[in-house]
1. Kindly list, by first and then second residue, each pair from a residue in the range 9-26 that is among the charged types (D, E, K, R) and surrounded by 12 or more Cβ atoms within 10 Å (Cβ to Cβ) to a residue that is in a strand (DSSP E or B) and at pLDDT below 85, limited to pairs with Cβ atoms under 7 Å and residues at least 6 apart or on different chains.
2. Can you tell me which residues in the range 84-98 are of a type in the set (Gly, Ala, Ser) and open to solvent by less than 10 Å² (accessible area, probe 1.4 Å)?
3. Considering (1) in contact with a Gly (Cβ under 9 Å, 6 or more places away or on another chain); (2) under 18 Å from CYS186 (Cα atoms), say which one GLU77 fails and leave the rest.
4. GLN115 versus (1) open to solvent by 20 Å² or more (accessible area, probe 1.4 Å); (2) in contact with a Ser or Thr (Cβ under 7 Å, 6 or more places away or on another chain); (3) over 20 Å from PHE68 (Cα atoms): which is the lone unmet condition?
5. Filter the range 31-51 down to the residues that are open to solvent by less than 50 Å² (accessible area, probe 1.4 Å) and under 18 Å from the mean Cα position of the chain (by Cα), then identify the one that is farthest from LEU106 (Cα to Cα).
6. Determine whether the range 52-59 contains at least one residue that is of a type in the set (D, E, K, R), within 14 Å of LYS92 (Cα to Cα) and surrounded by 14 or more Cβ atoms within 10 Å (Cβ to Cβ).
7. Can you say whether ARG72 is over 27 Å from LYS178 (Cβ atoms) and modelled with pLDDT of 85 or more, as far as the supplied structure shows?
Amino acid sequence: MAIGRSIYYKERSWNDFHIYSSKVLTGGVKIIQPSVYHEHRGEISTTYHSDYYDRLIPITERERGVQFKHDRYSKSEEGVLRGLHWDDKTWKMVSCLHGKIYLVVLDVRGGNTTQNPQYGSWETYILSPSTQTQVLIPPGFANGHYVMEKNSIFSYKLAYDGEFVDVDKQKTIKWNSKKFNIEWPCTNPIISKRDANGKNS
């Protein structure tokens, strides 16, 4: 099983979008540092621009109707862990609007290493307003996050074709599954019944 890697991005002063492919996770996982304009009153950030973001989704997906459709966010207290959740059709662009979040992205495509040699690979990221970091998570990748500061806001922009895959149709993997041995900065997080009963697969 591949070992995860943590990335800590520092504040940038760029005025352009910078897009990176994950060096751990193949299959379309991208790290985005968006445009940020700094001046004496503070800063202004561009969190979405179709010329940049829409083209991150493969053209074969876009041609069959996959597009960013709506935004959602969750607000959580310090110590909360949400996930790991996934489905096989939704692209997620995630970021942290307030507070600090430890994000985990796990490759579960194919269901095993025979179908996908990268199955079980994972990577971690620190998300916060100071870094402005965004992560694009393709279908087949599970994601979960641990809240490191009170009242943290986790934002996600969703792209898909057809109907939205809501909670009742999403799949869940236990955050501490021994099968994947993900590194978390916690041992006893606050979790929902759904996440506590997630399938160890």
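The values are calculated or read from the model by the stated rules, or taken from the named source; none is laboratory data. Computed from a predicted model, the values in this text were never measured in an experiment. Don't worry about glycine lacking a Cβ; one is built from the backbone with ideal geometry, like all the others, and counts go over all protein chains shown. Side chains are part of the model used for accessible areas, which takes the heavy atoms of the whole protein and leaves out ligands, DNA and RNA. Shrake-Rupley method; radii C 1.70, N 1.55, O 1.52, S 1.80 Å.
1. ARG12/VAL36
2. none
3. Every listed condition holds for GLU77 apart from (1).
4. If we test GLN115 against (1) open to solvent by 20 Å² or more (accessible area, probe 1.4 Å); (2) in contact with a Ser or Thr (Cβ under 7 Å, 6 or more places away or on another chain); (3) over 20 Å from PHE68 (Cα atoms), just (2) comes out false.
5. Looking at residues that are open to solvent by less than 50 Å² (accessible area, probe 1.4 Å) and under 18 Å from the mean Cα position of the chain (by Cα), I get PRO34.
6. Yes, the range 52-59 has at least one match.
7. On the way: over 27 Å from LYS178 (Cβ atoms): yes; modelled with pLDDT of 85 or more: yes.
Criteria met by ARG72.
A quick yes/no check of all residues on (1) without any contact (Cβ under 8 Å) to a residue 40 or more places away in the chain; (2) surrounded by fewer than 16 Cβ atoms within 10 Å (Cβ to Cβ); (3) among the β-branched types (Val, Ile, Thr):
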| position | (1), (2), (3) |
| --- | --- |
| TYR125 | no, no, no |
| SER130 | no, yes, no |
| PRO139 | no, no, no |
| HIS145 | no, no, no |
| LYS157 | no, no, no |
| ASP166 | yes, yes, no |
| PHE180 | no, no, no |
| ASN197 | yes, yes, no |
